[in-house]
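Below: the structure, in structure tokens.
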Amino acid sequence: MITSFAQFLEQFQAKEVAILAKEEVKHGPTIGDMYEGLARELIERTIPEKLNLKLVDGFVVGVDGDYSQQTDAMLVMGTDGHRIPKTEKWAWPIKDVLAVFEVKKNLYAADLADSIKKMQYISLQQKRLLETNIPVDLRACGACLCACHRTFPQAR
């Protein structure tokens, strides 16, 4: 018996992974796309619609205008992102990126190092944004200054 949403997601994931495992595709990038699709579906099921958030993949655009390496998924707010022409990828400004996800079917040391490198760049851009854009009283409070301090009026 399912007694929590977490249990539902675990059972859903197990069922879906079994479906993916039956697929006889041997092409690495396609297998990666399949698992990224599953991760996206699981994440999207947990986001309340009334928050008006989007889950997209693509690039984080830093305060300096530079693009990050491609991310598997980003939880974003607002409408300032843009679709990269002729693709399903998006470029989204760091100010509206709430979370970044990297999906791996199997985690190897090189993949972990690559993911950490991506996150370091995004973390540096977030730090730069916070150093230039936050009120002085928040800068001095020592608390988490990322998405938890943003407001979602549509959720009230």
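Scan the stretch 1-58 for residues that are surrounded by 11 or more Cβ atoms within 10 Å (Cβ to Cβ) and among the aromatic types (F, W, Y) and jot them down.
Passing the criteria: F8, F12, Y35.
Take the stretch 68-83 and flag every residue that is among the polar types (S, T, N, Q) and outside any loop (DSSP other than H, G, I, E, B).
Within the stretch 68-83, just T71 meets the criteria.
Exactly one of (1) assigned to a loop (DSSP other than H, G, I, E, B); (2) under 23 Å from L20 (Cβ atoms) is unmet by D111. Its number?
(1)
Can you tell me how many residues in the stretch 72-96 are aliphatic (A, V, I, L, M) and more than 22 Å from S115 (Cβ to Cβ)? I'd like the intermediate steps shown before the answer.
Of the stretch 72-96, the ones aliphatic (A, V, I, L, M) are 73-77, 84, 91, 94.
Then drop every residue that is not more than 22 Å from S115 (Cβ to Cβ), which leaves 77.
The total comes to 1.
Looking at the structure I just gave you, is G65 surrounded by 13 or more Cβ atoms within 10 Å (Cβ to Cβ) and within 18 Å of L129 (Cα to Cα)?
Considered against the rule, which asks whether it is surrounded by 13 or more Cβ atoms within 10 Å (Cβ to Cβ) and within 18 Å of L129 (Cα to Cα), G65 comes out as no.
Can you go through G65, G32 and tell me which one is assigned to a loop (DSSP other than H, G, I, E, B) and either of a type in the set (G, A, S) or in contact with a Cys (Cβ under 7 Å, 6 or more places away or on another chain) (or both)? If you could, list the steps in order and put the result at the bottom.
On the way: G32 fails: assigned to a loop (DSSP other than H, G, I, E, B).
Unique residue meeting the criteria: G65.
Could you tell me how many of the residues in the stretch 36-60 are part of a helix (DSSP H, G or I) and over 23 Å from R83 (Cβ atoms)?
Looking only at that region, the number is 4.
Residue-wise test of (1) in the same structural domain as D33 (by TED's automatic domain parsing); (2) more than 16 Å from G32 (Cα to Cα); (3) touching a residue at least 60 places away in the same chain (Cβ under 8 Å); (4) among the small types (G, A, S).
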position: G62; (1), (2), (3), (4): no, yes, yes, yes
position: D72; (1), (2), (3), (4): no, no, no, no
position: I94; (1), (2), (3), (4): no, yes, no, no
position: L107; (1), (2), (3), (4): no, no, no, no
position: K117; (1), (2), (3), (4): no, yes, no, no
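Could you go through the stretch 74-89 and let me know if any residue there is assigned by TED's automatic domain parsing to the domain that holds L129, surrounded by 17 or more Cβ atoms within 10 Å (Cβ to Cβ) and in contact (Cβ under 8 Å) with a residue 60 or more places away in the chain.
Yes, because at least one residue in the stretch 74-89 is assigned by TED's automatic domain parsing to the domain that holds L129, surrounded by 17 or more Cβ atoms within 10 Å (Cβ to Cβ) and in contact (Cβ under 8 Å) with a residue 60 or more places away in the chain.
The values are calculated or read from the model by the stated rules, or taken from the named source; none is laboratory data. Quantities reported herein were computed from a predicted structural model and do not represent experimental measurements. As a convention, Cβ positions derive from the backbone with ideal geometry for all residues, glycine included, and neighbour counts pool all protein chains shown.
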